[in-house]
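**Student:** Pasting a structure here, questions to come.
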Amino acid sequence: MSKTPFPGQEAAALPPRALASHFHDLSQQKAAHDLGLWIFLATEILFFGGLFAAYLVYALLHPGPFFEAAAETEILIGTINTAILLTSGLTAALAVKAAGQNRHDAVLLLIGITILLGLAFLAAKGFEYWLDIHHHLYPTSPDFPLEAPAAKLFWSLYWVMTGLHAVHMTVGLGIWAVIWEMARRRNFSLSDNSRVRIAGLYWAFVDLMWLFLWPLLYLAGRAG
Amino acid sequence: MGEIEIILPQASVEAGSTDGKLLGLIIISSLITLLVAGLVGIFAIRYRKGSKASRGRLPAWFDSDLELGWTLATGGLFVAIFAWAASQDFALAVPPQRATEVHAVGKQWMWKIEHPGGQREINELHLPVGETIDLVLNSQDVIHSFYIPAFRLKQDVVPGHTTRMRIRPTRTGTYRLFCAEYCGSEHSAMIGRVVVLSKEAYADWLSIQPEGDDLSTEGRQLFVSRGCAGCHEGSSKVRAPRLEGVFGGPVPLADGRTVTADDAYIRDSILQPKKDVVAGFAPIMPSFAGALDEGELVALTAYIRSLGRRDATATGGTP
Amino acid sequence: MSAQSEKAGAAAKDTMSARAKRAFEGLDLFPEVTVFAALVGLAALSLILALLPLFGSLSLLVSLLIAAVMAALVLIFFMHMRRAMTVVVLSGMAGIVWLTILFGLTLSDYLTRAGPFGSSIEPPPAVGRVGEGERGL
Amino acid sequence: MSDIPFRDVDLEEDEAGPSTAEANYLEERFSLWSWLTTTDHKRIGILYLISTTFFFFIGGAAAVLIRLELFTPAGDLLTDDGYNKVFTLHGVVMVWFFLVPVIPSVLGNFLIPLMLGAKDLAFPRLNLASWYLNIIGGGFAVWAMLAGGVDTGWTFYTPYSTAFANSHVSLTAIGVFISGFSTIATGVNMIVTVHTMRPAGMGWFRMPLFVWAIYATSLIMLLSTPVLAIVLTLLITERLLGLGIFNPEYGGDPILFQHLFWFYSHPAVYIMILPGMGVVTEVITCFARRRVFGYKAMVYALLAIAVIGFFVWGHHMFTSGQSMYASLTFSFLSFIVAVPSAIKVFNWTATLYRGQITFEASMLYAMGFVGLFTMGGLTGLFLASVPVDLHMHDTYFVVAHFHYIMVGGMVSAFFAGLHFWWPKITGRMYPETAARIAAMLMFFGFNLTFFPQFILGNIGMPRRYHAYPDEFQVWHVLSSAGAVILAAAYLMPLFYLAWSLIWGRKAGRNPWRAHGLEWQTTSPPPKHNFLANPDVSGDVYAYHPRRNPRDE
């Protein structure tokens, strides 16, 4: 099997086969990429897990003030963001499917939409942050609206959880933008290379995290 | 002080049993270490390269059964040690009969100790021998750890928590008191003394203490100076619950729950009055969080406790 | 980067009908679009159940259960867990199992503390602390 | 199990030395740029060797300062803040920049592809990124040190670290956070390589135990480091942005910080010791010329330690106000996790039985490991039983316990591995007598330093004390004397190994006649590790004839 060295060596017009020199064949490389990313996702689950553990402990210790504080979040923007992220999850999954079938234009279009939706999510998030600050809903503000101390716990968790999620969103958008640009220049073969698939997996994971953050931060404490 | 110590004097009930466990563990560990180091040494000499020792085939049982054997043996031994060591803790679960409460507050780089009779000490703790003392531990800033090596006991003092430590001194003498949890620059200067006196010497010591008023009278003064009397005293027009005879009994709350008025309830009502509003009253009481330090809170609680319990003891009995 | 992709996105849009038709024909959207519809439905359900005073303190549990169902859908269909190697599934599961270890043993401490639940932590009076400004990086 | 022909490594063809045409990985290109942008796992291993040695000597210098300070009861060498910053530096640098990375990233990076007959790790560029992340993290830690240090102890307990310490806590936390990514990157690389790049014919139970040890370590790295990352993030956000999740004023619980911190930090001590166990198995089997005793038991013991290691963190918090029932649960689980370690020690000892033992330097280090790790492990049982821990917690007994495991166990194993594979890494032999002297000096200096600390702990000397009452001085003097000897013993390898790079005897392909694919290529190996495909047919530890193919 001819092994064309992977990075940089521009083959002829055709995009180079994406086989790295130290792998025996393409299936081994794809398996390695998938496994590598899934292991990284397991670490991400545990990274957010620490926050969920803190939320769980404090919700059990101070149920009253904790959920009272949870009722203060902007549920409308939160729900809009959930819808945006679900849609971008769909377009990302379709992009991966299209890449698998080497459909160049479809991949470009779908990744483009995914990026736009991601930017819309971050814009809505920014506006929500501005509203929160306007309502003094951060623990160190002198006129924090809620009186019970545990309310500050919830709002500390709120800022850290949504902040970290936004960071992961920004990284995901960066990856999509780079892939979009490289795909436009056609310098990697869509079906052989696992880039789009890996980016799709990471994006679906960021989507997953929001599916859990949304009930914890926005739907909690809303009953009746 | 100068002589070389390897084992500290056993000055408390716990010290005896802990040292027993310690000795057991030392014996077992040294046996295992000698076994392993001995075998490694013997094999190293006997089977060194070129030695004449016979190196025939290993017997069949040698491989798998031996493996299973020492796995079960170590597992059984370790679980047995655990059970033996844990047995001492189950005894702790039994609540003490009559324990005198001593309040100790850890503060950056000193221990402030208050006896129920109002005597105050800094970095010193005088105790009668043979009695059970319940140390109620709080911290005003960071985590400290109340550690008396001669009693073989320590208990971390965490801000936001009231932790308890039961000590039962059995030998008179002066023993070291350390802070064992790193708490900042002068962590190593946070050293004190625990003086265990005989009953009579302890009574003398109590009497010669400067006539510091006891906790409840100090609480009374705070009750007036901080304005609590303005609402909760008999003659005031403001609708606030009277506190006589409240302590210890059930308190019906506005949201239908009933709680027992214990230390924690009193403390919560002072710091977060809107948390458990008494049934039939408006939540108008201001929060005192920040206005009272730890010692004053303890004094106020003692005063409200001294306003008489609705249950067994007669009115005004010292706790 | 995003401005440029927006412009390119917009360019792609105006010739949307011509190129998209060619790009999309043959790409069956099926499993993804139905899954997406199910996800939106579940999200709406979760929202409604959260706003109604049906479950009281359990409402958070219900919305988390629905979130778990949505997560399962995303995992299976969008992240192709069905076709993944067993070791990939195992690593995903490992993340969740280790999370339960963290939650379980941490709660084993909080649920068994002496005194009524949550009483072990009282908000102390404002403790003396270093001023905000002095705390450097 | 097919009847694998027993064929001990024959010596003749070995003496020929490297006669290969292709330049080996060291001489391939000399420019600094080729080293700084290499994706060759062997060169990255050497880059890690340089950076971890650098951090080892920073941590070591801090240790010498501590021992000199404690020579006298009064705190007269350093101010109390100075002492607090020195012991924190010793903790942070030793834990995160030496102990955690050293064997997986130095020996693991170099040897895993060789032992698997592969050309490189699964993700070579990620491997280089891992080294750079480690360096950037280390840079932050050194910057924090130079800018004035951090005085919270390596455990960063709140609320001292968040509300009361005004030293460079956030800077150090960022440094450790970044080095956490380096650990995760190494972990991902190792696991994917072991899963996807094993040679045909090498099943899971025919891999060397060093590969198993690195695999088990990578599992722990991946499942524990993220929780450290989130704890440090919360620490930084509480200090800088006031988002007080552990702030007692908001009703937050400092004990929750301890739960999350120790959820990482106890598995972290298994990250540090498991690779050492892998190295010791390779060394003991080679110099005793015996198959490892109970190969499957050793594998299951490694995996059992890796998994149960996540259930035991509460034994650090018996005195912290944790509920008694949780303490007893953690105490029980801590006794259970000690069983696999005991099994491994018995298996090493049984491996020596009926062997042809020779005493090269790495064998001395390995036998030292077995003895000292046994003592370290057993003193762990003292601290796992609650009543004894109520006395011994946060005293010098704990300091002695973890130094017996970390220094007596891990560092000895690292030196054993370094000497054992030195010919393969550099193509040179180290001076045997000097190495043996260093090994024995280290063993003696170590015991003199840390055994007195057991007694200090028993008579109640608390940890992290800048000045202490004078009844403890006798033992501190002994310990400080031992520390001087230990420091000297650590400097010796630096000199004679450096000396061997130029004047050392040329090492052949397999100077120890060891088994393992890494010994089938030249030393130092060529850029792509193997000129011809390595012969994987031999059994994994075929040092002595197997009695009959039936048994394991």
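**Student:** Report yes if B:PHE82 is aromatic (Phe, Trp, Tyr) and more than 8 Å from chain D (Cβ to nearest Cβ), otherwise no.
**Tutor:** So B:PHE82 does not fit the description; no.
**Student:** Okay, moving on. State whether the residues of the range B:230-237 include one that is surrounded by 12 or more Cβ atoms within 10 Å (Cβ to Cβ) and either modelled with pLDDT of 75 or more or within 11 Å of another protein chain (Cβ to nearest Cβ) (or both).
**Tutor:** Checking the range B:230-237: at least one residue is surrounded by 12 or more Cβ atoms within 10 Å (Cβ to Cβ) and either modelled with pLDDT of 75 or more or within 11 Å of another protein chain (Cβ to nearest Cβ) (or both).
**Student:** Is it the case that the range D:158-173 has a residue that's within 23 Å of the chain's Cα centre (by Cα) and in a helix (DSSP H, G or I)? Please lay out each step first, then the result.
**Tutor:** In the first step, residues of the range D:158-173 are kept if they are within 23 Å of the chain's Cα centre (by Cα); the result is D:172-173.
Right, trim to in a helix (DSSP H, G or I) and you get D:172-173.
Within the range D:158-173, one or more residues are within 23 Å of the chain's Cα centre (by Cα) and in a helix (DSSP H, G or I).
**Student:** Identify all residues within the range B:142-183 that are basic (Lys, Arg) and buried (at least 24 other Cβ atoms within 10 Å of the Cβ); write none if there are none. Spell out the reasoning first.
**Tutor:** Let us first name the residues in the range B:142-183 that are basic (Lys, Arg), namely B:152, B:154, B:164, B:166, B:168, B:171, B:176.
Within the range B:142-183, B:ARG152, B:LYS154 meet the criteria.
**Student:** Could you check the range D:461-477 and list, in sequence order, the residues that are within 8 Å of chain B (Cβ to nearest Cβ), more than 29 Å from the chain's Cα centre (by Cα) and buried (at least 20 other Cβ atoms within 10 Å of the Cβ)?
**Tutor:** Just the residues of the range D:461-477 that are within 8 Å of chain B (Cβ to nearest Cβ), to begin with: D:462-471, D:474.
The next check asks that each one be more than 29 Å from the chain's Cα centre (by Cα); those that pass are D:467-471, D:474.
Once the filter is applied, which keeps residues that are within 8 Å of chain B (Cβ to nearest Cβ), more than 29 Å from the chain's Cα centre (by Cα) and buried (at least 20 other Cβ atoms within 10 Å of the Cβ), the range D:461-477 yields only D:TYR468.
**Student:** In addition: Of (1) under 42 Å from the mean Cα position of the chain (by Cα); (2) assigned to a helix (DSSP H, G or I); (3) at pLDDT below 90; (4) not β-branched (Val, Ile, Thr), B:GLU67 satisfies all except one. Which?
**Tutor:** (1)
**Student:** For the range D:22-43, indicate whether the set of residues that are closer than 22 Å to D:LEU222 by Cα and at pLDDT 95 or above is non-empty.
**Tutor:** no
**Student:** Quick one: would you say B:ALA180 is more than 7 Å from chain D (Cβ to nearest Cβ), over 23 Å from B:PRO116 (Cβ atoms) and at pLDDT 90 or above?
**Tutor:** Numbers: more than 7 Å from chain D (Cβ to nearest Cβ): no; over 23 Å from B:PRO116 (Cβ atoms): yes; at pLDDT 90 or above: yes.
Judged against the criteria, B:ALA180 is not a match.
**Student:** Could you check how many residues of the range B:163-202 are in contact (Cβ under 8 Å) with a residue 60 or more places away in the chain, of a type outside the set (A, V, I, L, M, F, W, C) and outside any helix (DSSP H, G or I)?
**Tutor:** Let us first name the residues in the range B:163-202 that are in contact (Cβ under 8 Å) with a residue 60 or more places away in the chain, namely B:166-171, B:173, B:175, B:177, B:179, B:183-187, B:189-199, B:202.
Restricting the remaining residues to those that are of a type outside the set (A, V, I, L, M, F, W, C) gives B:166, B:168-171, B:173, B:175, B:184-187, B:192-193, B:198-199, B:202.
So of that shortlist, the ones also outside any helix (DSSP H, G or I) come out as B:166, B:168-171, B:173, B:175, B:184, B:192-193, B:198.
So the answer is 11.
**Student:** Over 24 Å from the mean Cα position of the chain (by Cα) and of a type in the set (Asp, Glu) - does that describe any residue in the range D:232-250? So that I can check it myself, show each step before the final result.
**Tutor:** Going through the range D:232-250, the residues over 24 Å from the mean Cα position of the chain (by Cα) turn out to be D:233-250.
Checking which are of a type in the set (Asp, Glu) leaves us with D:238, D:249.
Yes; the residues of the range D:232-250 include at least one that is over 24 Å from the mean Cα position of the chain (by Cα) and of a type in the set (Asp, Glu).
**Student:** Pairs please, first residue from the range A:196-209 and at the interface with chain C (Cβ under 10 Å from one of its Cβ atoms), second anywhere and of a type in the set (S, T, N, Q) and buried (at least 22 other Cβ atoms within 10 Å of the Cβ), Cβ atoms under 8 Å, 6+ apart in sequence or on different chains.
**Tutor:** A:TRP203/A:SER88; A:TRP203/A:THR114; A:ASP207/A:SER88
**Student:** Going through the range B:4-26 one residue at a time, which ones are facing another protein chain (nearest Cβ under 9 Å), part of a loop (DSSP other than H, G, I, E, B) and either of a type in the set (Gly, Ala, Ser) or touching a residue at least 24 places away in the same chain (Cβ under 8 Å) (or both)?
**Tutor:** B:LEU8
**Student:** Looking at (1) closer than 30 Å to D:PHE257 by Cβ; (2) free of Cβ contacts under 8 Å to residues at least 24 places away in the same chain, which is the only condition A:PHE67 fails?
**Tutor:** (2)
**Student:** Find the residue count for the range D:101-140, including only residues that are closer than 30 Å to D:ASN84 by Cβ and in contact with a Leu (Cβ under 8 Å, 6 or more places away or on another chain).
**Tutor:** Counting residues in the range D:101-140 that are closer than 30 Å to D:ASN84 by Cβ and in contact with a Leu (Cβ under 8 Å, 6 or more places away or on another chain) gives 1.
**Student:** Could you please tell me which pairs satisfy a Cβ distance under 6 Å, a separation of 6+ or placement on different chains, a first residue in the range A:129-150 that is closer than 19 Å to B:GLY160 by Cβ, and a second residue that is aromatic (Phe, Trp, Tyr)?
**Tutor:** A:PRO139/A:TRP155; A:PRO149/D:TYR250; A:ALA150/A:PHE66
**Student:** Restricting attention to the range B:186-206, which residues are more than 12 Å from chain D (Cβ to nearest Cβ) and among the polar types (S, T, N, Q)?
**Tutor:** Answer for the range B:186-206, where residues must be more than 12 Å from chain D (Cβ to nearest Cβ) and among the polar types (S, T, N, Q): just B:SER198.
**Student:** Still on this structure, I have one more. When residues of the range D:233-260 are filtered for being more than 9 Å from chain A (Cβ to nearest Cβ) and surrounded by fewer than 24 Cβ atoms within 10 Å (Cβ to Cβ), how many remain?
**Tutor:** Matching residues across the range D:233-260 total 3.
**Student:** Could you list all residues from the range D:368-398 that are of a type in the set (A, V, I, L, M) and either farther than 22 Å from D:LEU274 by Cβ or out of contact with any helix residue (DSSP H, G or I) (no Cβ under 8 Å at 6 or more places or on another chain) (or both)? Don't jump to the end; show me each part of the working.
**Tutor:** The initial filter retains those residues of the range D:368-398 that are of a type in the set (A, V, I, L, M), namely D:370, D:372, D:375, D:378, D:381, D:383-384, D:386, D:388, D:390, D:392, D:398.
Across the range D:368-398, the qualifying residues are D:VAL386, D:VAL388, D:LEU390, D:MET392.
**Student:** Now for a different question. Among the residues that make up the range D:200-218, is at least one of them within 10 Å of chain A (Cβ to nearest Cβ), in a helix (DSSP H, G or I) and closer than 30 Å to A:ALA20 by Cα?
**Tutor:** Step one: list which residues in the range D:200-218 are within 10 Å of chain A (Cβ to nearest Cβ), which gives D:200, D:218.
From what is left, the residues that are in a helix (DSSP H, G or I) are D:218.
In the following step, the residues that additionally are closer than 30 Å to A:ALA20 by Cα were identified as D:218.
For the range D:200-218, residues within 10 Å of chain A (Cβ to nearest Cβ), in a helix (DSSP H, G or I) and closer than 30 Å to A:ALA20 by Cα: present.
**Student:** For a quick check of your reading: which helices (runs of 4 or more DSSP H) sit entirely within the range D:314-433 and have at least 1 residues that are at the interface with chain B (Cβ under 9 Å from one of its Cβ atoms)?
**Tutor:** Numbers: elements: D:324-352, D:361-384, D:386-392, D:396-403, D:412-426.
The qualifying helices (runs of 4 or more DSSP H) are D:324-352, D:361-384, D:386-392.
**Student:** Oh, and also: Can you go through C:VAL35, C:VAL74, C:VAL88, C:VAL40 and tell me which one is more than 15 Å from the chain's Cα centre (by Cα), within 21 Å of A:SER88 (Cβ to Cβ), within 9 Å of chain A (Cβ to nearest Cβ) and not polar (S, T, N, Q)?
**Tutor:** On the way: C:VAL74 fails: more than 15 Å from the chain's Cα centre (by Cα); C:VAL88 fails: within 21 Å of A:SER88 (Cβ to Cβ); C:VAL40 fails: more than 15 Å from the chain's Cα centre (by Cα).
Of the residues listed, the single one that is more than 15 Å from the chain's Cα centre (by Cα), within 21 Å of A:SER88 (Cβ to Cβ), within 9 Å of chain A (Cβ to nearest Cβ) and not polar (S, T, N, Q) is C:VAL35.
**Student:** May I ask you to list the residues in the range A:171-187 that are facing chain C (nearest Cβ under 8 Å) and either closer than 15 Å to A:HIS104 by Cα or assigned to a loop (DSSP other than H, G, I, E, B) (or both)?
**Tutor:** Once the filter is applied, which keeps residues that are facing chain C (nearest Cβ under 8 Å) and either closer than 15 Å to A:HIS104 by Cα or assigned to a loop (DSSP other than H, G, I, E, B) (or both), the range A:171-187 yields A:TRP180, A:GLU181, A:ARG184.
**Student:** How do the pairs read when you match residues in the range B:59-81 that are small (Gly, Ala, Ser) with residues anywhere that are surrounded by 19 or more Cβ atoms within 10 Å (Cβ to Cβ), using Cβ under 7 Å and keeping only pairs 6 or more apart or on different chains?
**Tutor:** Going by the 7 Å Cβ cut-off, the qualifying pairs are B:GLY75/D:VAL339.
**Student:** Can you report the number of residues in the range D:170-199 which are among the aromatic types (Phe, Trp, Tyr) and away from chain A (no Cβ under 14 Å)? Break it down stepwise before answering.
**Tutor:** At the first step, the residues of the range D:170-199 found to be among the aromatic types (Phe, Trp, Tyr) are D:177, D:181.
Subsequent filtering for residues that are away from chain A (no Cβ under 14 Å) retains none.
Here the count works out to 0.
**Student:** Sticking with this structure for a sec: Which of the residues belonging to the range D:472-518 are within 29 Å of D:GLU282 (Cβ to Cβ), β-branched (Val, Ile, Thr) and free of Cβ contacts under 8 Å to residues at least 40 places away in the same chain?
**Tutor:** Within the range D:472-518, D:ILE502 is the sole residue that qualifies.
The values are calculated or read from the model by the stated rules, or taken from the named source; none is laboratory data. Here the structure is a predicted model, which is why all the values come from computation and not from measurement. Note that we place each Cβ from the backbone using ideal geometry, even for glycine, and neighbour counts take in every protein chain shown.
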